[in-house]
1. Can you tell which of A:Asp425, A:Asp460 is open to solvent by 40 Å² or more (accessible area, probe 1.4 Å), acidic (Asp, Glu) and closer than 29 Å to A:Arg137 by Cα?
2. Considering each residue of segment B:300-327, count those that are in contact with a helix residue (DSSP H, G or I) (Cβ under 7 Å, 6 or more places away or on another chain) and open to solvent by less than 50 Å² (accessible area, probe 1.4 Å), and give that number.
3. Could you tell me whether B:Thr195 is at pLDDT below 95, more than 7 Å from chain A (Cβ to nearest Cβ) and more than 19 Å from the chain's Cα centre (by Cα)?
4. Checking the conditions here, which among A:Pro39, A:Pro114 is in contact with a strand residue (DSSP E or B) (Cβ under 7 Å, 6 or more places away or on another chain) and either at pLDDT below 80 or surrounded by fewer than 20 Cβ atoms within 10 Å (Cβ to Cβ) (or both)?
5. Checking the structure you have, find out if any residue of segment B:476-499 is open to solvent by less than 10 Å² (accessible area, probe 1.4 Å), touching a Pro at 6+ places or on another chain (Cβ under 8 Å), more than 9 Å from chain A (Cβ to nearest Cβ) and under 26 Å from B:Met551 (Cβ atoms).
6. Here is a list of conditions, (1) closer than 30 Å to B:Arg389 by Cβ; (2) in contact with a Gly (Cβ under 6 Å, 6 or more places away or on another chain); (3) not charged (D, E, K, R), and B:Thr470 meets all of them except one; can you say which number that is?
7. Suppose we filter segment A:494-518 for residues that are part of a loop (DSSP other than H, G, I, E, B) and not aromatic (Phe, Trp, Tyr); how many remain?
8. Do you know which residues across segment A:265-299 are without any contact (Cβ under 8 Å) to a residue 60 or more places away in the chain and crowded, with 20+ Cβ neighbours inside 10 Å?
There are 2 protein chains.
Amino acid sequence: MSVSKELPALDAHLSKFSYVGGYQPSKLDTTVLASGHVPSSPPSSLPHLRRWAKHMVSFSSSECSAFPSLSAEYKVDEQLSDILQNSLKMDKEIGNDNATQNKKSKGEGGKGKPGKFVLKTPKGTRDYGPAEMAVRRNVFHAIESVFHMHGAVEIETPVFELKEVLTGKYGEDSKLIYDLEDQGGEILSMRYDLTVPFARYVAMNKITNIKRYHIARVYRRDNPAMTRGRYREFYQCDFDIAGQYDAMIPDAECVQLVHQVLSKLDLGDFTIKVNHRKILDGVFGACGVPAEKFRPICSAVDKLDKSPWEDVRKEMVIEKGLDGEVADLIGEYVQQSGGEELIEKLKNDDRLKDSPVSQAGLADLKLLFDYCKDLGVDTYLVFDMGLARGLDYYTGVIYEAVLSAGQTSNEEGTVGSVAGGGRYDGLVGMFDPKKKTVPCVGVSFGIERLFAIQERKQRDEFGKIRATQTEVFVAAACKGMVQERLKLLGLLHGAGIKAESSYKNNPKLLSQLQYAEDNGIPLVALIGESEVQEGIVKLRNTSTRQEETIMREDLISAVKERLK
Amino acid sequence: MSVSKELPALDAHLSKFSYVGGYQPSKLDTTVLASGHVPSSPPSSLPHLRRWAKHMVSFSSSECSAFPSLSAEYKVDEQLSDILQNSLKMDKEIGNDNATQNKKSKGEGGKGKPGKFVLKTPKGTRDYGPAEMAVRRNVFHAIESVFHMHGAVEIETPVFELKEVLTGKYGEDSKLIYDLEDQGGEILSMRYDLTVPFARYVAMNKITNIKRYHIARVYRRDNPAMTRGRYREFYQCDFDIAGQYDAMIPDAECVQLVHQVLSKLDLGDFTIKVNHRKILDGVFGACGVPAEKFRPICSAVDKLDKSPWEDVRKEMVIEKGLDGEVADLIGEYVQQSGGEELIEKLKNDDRLKDSPVSQAGLADLKLLFDYCKDLGVDTYLVFDMGLARGLDYYTGVIYEAVLSAGQTSNEEGTVGSVAGGGRYDGLVGMFDPKKKTVPCVGVSFGIERLFAIQERKQRDEFGKIRATQTEVFVAAACKGMVQERLKLLGLLHGAGIKAESSYKNNPKLLSQLQYAEDNGIPLVALIGESEVQEGIVKLRNTSTRQEETIMREDLISAVKERLK
């Protein structure tokens, strides 16, 4: 096969389409990939082929096997079809499909252009329908009401930032940032989280203190695991306090806020684990970890919530080259958890009592426990020495809330965190020309997980979720009532009552009543010719199916009475 | 100068930076541009230079003159500096600046890398601060409450779509679509409006009827006119009814909804102009406009709200090649406006009485007026034959709401539209493989303009906008009260009262009272050592400055009483 001739043609095709078969992956892609004629890393002179090849290997074999064969409607470009048939070893099925399509395409008059693409949202994204949005709205309102309880303000930043703003903030994960095409102008990237734009906002506006929340979507070109609820576009919900303040007062407020939000959402028992980066660093130092290994060892400890100590130890010793005895020593500390008594014990610990950094962390934590007790939110507080939090930028107290088992267990039975955060005093300084920083502490709610939990809860409780709030359905008992129905609608709306009616001139009575039942609308205002003449309305209770006759002038008060 | 040698170096520099001076436009760019050494359209072998040159001409001369000189902190890349100095005629100021910076850069140890970029948001975007967000939140709530009044559901779609979804929907404006970089995978674009994603959603999910709203930001690479409130990232607020229904019932609901929203926002008098595409087409046909000129002539008529008839006529005759007499005939129609009497007059108009398309449009409009009267929202309704609406996809009734003069007049004294929409029966069919369509009618609110009007209104009324909702500020009269303040906060929050306190251990009393005044917090709960001992709290009214002594156990009820 003359690769030099055919691959450029395929490259040209892929400059116009996402996949060989158009805008959706199909068996055509896997066949071409499996043919062995496309190099696994095509030369940069074939950028589109290169993009495609790189993208294709990101699919797991189970994803690939789920790709559809091309639908009969798809017409392969004539030239491409030739390429595929002549140059690539196609499996029989695809080859035949193709030939048929090609014939069909010719039959319809020559040069077929690529046909319809299958309608879909971009990989890793989805639409949210009415029932899901109703749940989201309720969760947002519950959380926002707690934010407002604390006098927090709201800000909104653009969905994209200058690429430079995001550069150097996410380490290895930078490769997951979505970039915008250079269309003339600035180089832009989609925001990856809400914390970096917040730090940019604080630095740019030279803000010295602010308590803000921000609920918005962020973007990560991760391999989506949509069945497990992980998407490339998802909401974050952040609350942060920036300002130079006295120790632990804002930190305690964040813990209080987590306590309040989880209580408000009525999710059952939960645990708020707290730790302090200084305690961890003190332990590492006292156990003999070299300074340059603090962060790697910290990120190994971070895995303790998912892996047993033996695995974490292995990572420390084998992957990260830590001395086995040092690892064992660390193990003695990070597997401990408790309350204030643990703080006292560690204060007098032989290895830690002379470590100023540990002692500073322990003093902070003691204060945090005291303040949480004053605020009445110490019930679920646990000092967990194995809590490390992945992000590099934390500098002080860190915390994470997990629901008690059974509440969040997903298909795999694991229990996940629903909120987390901590103190990060250095981030704003990264944006200031003079490195002047503003200390920050904040919390981010795992709001997508909270949505999922609430959705399941509501379905369990009510069978289905009501997406609308309509209170009265205006129905007609006979034909020719459109204008009378509209008059009644105008009357009800005028009094602030949520009311709907059919868009048909002469809807059937039964289908109107059925609509009210299906949509959980509590009342039906029913009129016919005689009701109009007599100036009355029949008010029907959807759940009891009882009807009452009401004078038209009393309708509003009667409806309001029944809606109470 | 050896262009062949220097321009590629500049191209390489611009592959890393948005501008010659880094990530923000500066006088360096204008100087380089004015030097005459960069061709206005650089060859495609220099794509970054080409991008830069194309972008630079998008700035107006007033924008260019507002560019900053490079700040002293900026260090020009050594190699670039040589290019600039040796090859381009720099004006003295920049040349000197550069030389200094270059020296400084060298002085600091050799190869200077480009220094700090100036912090900013992307061109045409902005952050929204606390006061602005508070206004937005109020406007959203007001509008959403009207949507819920109509039993509308909410949906959310991804911020980007497959590029193909947007292709062919926006005509010439397609060039304003933001594309994402091809990073392997699908070809994506940022949404340009909410209507096309809605049509995609309806087609993809094979929905036969839905009444939905969607409030979200959209993206247009337009030349931003930020002083006039036009941005590249801005909110849209859409309400649409999809479904095969009887004539004018959903259409009248849209007009009713506009009436209700504008009334609810208390914007004074307004006019809702209505027209019908079939009436316009009928008039064009009857006046002798060739069929292929219907849409261009329609878009000329669309300018009647901003330009006098003479200018519109000129566009028709000179630009669009219409016969002058035909234009004059059209002018007689499109300059008329009125109420139902105008409908009657046109029904019997000599030219229109035999035009079935006009008569169909007039019958629709008569029904719309009847229904609006039934709904009680005909007060501000005007049949305006000059209303055309720009978009090609409208097929029936169209409408637009404008505030009465004085309400929205911007700096230039023009009055703009605050809502608009109409019937578009063909759009969903564009996404269906069998072209099966779902008729739609909808309205889009000019929500950014509504924000601006509300913001000005609130500033005028209250002097400033309150961004928080805090009801009680917990203050200490003496030192050492942190824990007592936290206990009080816990008590108030537990009762659902919005309360804040200082983050300092020992804040000054005066500054605490001042904070409450500055932030419009109505009550201050004040404690000192004696209050704690006696189990009392002093409750201070921020505006009257009167203090009352309250027993601690009565605090909650006393606060609630005073907040009523």
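1. Answer to the selection: A:Asp460.
2. Residues meeting the conditions: 13.
3. No, not satisfied.
4. A:Pro114
5. Checked segment B:476-499: at least one residue is open to solvent by less than 10 Å² (accessible area, probe 1.4 Å), touching a Pro at 6+ places or on another chain (Cβ under 8 Å), more than 9 Å from chain A (Cβ to nearest Cβ) and under 26 Å from B:Met551 (Cβ atoms).
6. Exception for B:Thr470: condition (1).
7. Number of matching residues: 10.
8. Of everything in segment A:265-299, those that are without any contact (Cβ under 8 Å) to a residue 60 or more places away in the chain and crowded, with 20+ Cβ neighbours inside 10 Å turn out to be A:Phe284, A:Val289, A:Ile297.
The values are calculated or read from the model by the stated rules, or taken from the named source; none is laboratory data. A quick note: this is a predicted structure, and the numbers were derived from the prediction, not measured. Please note: Cβ atoms are built from the backbone with ideal geometry, for glycine as well, and neighbour counts cover all protein chains shown. When the accessible area is computed, the model is the full protein with side chains, heavy atoms only, and any ligands, DNA or RNA have been set aside. Shrake-Rupley method; radii C 1.70, N 1.55, O 1.52, S 1.80 Å.
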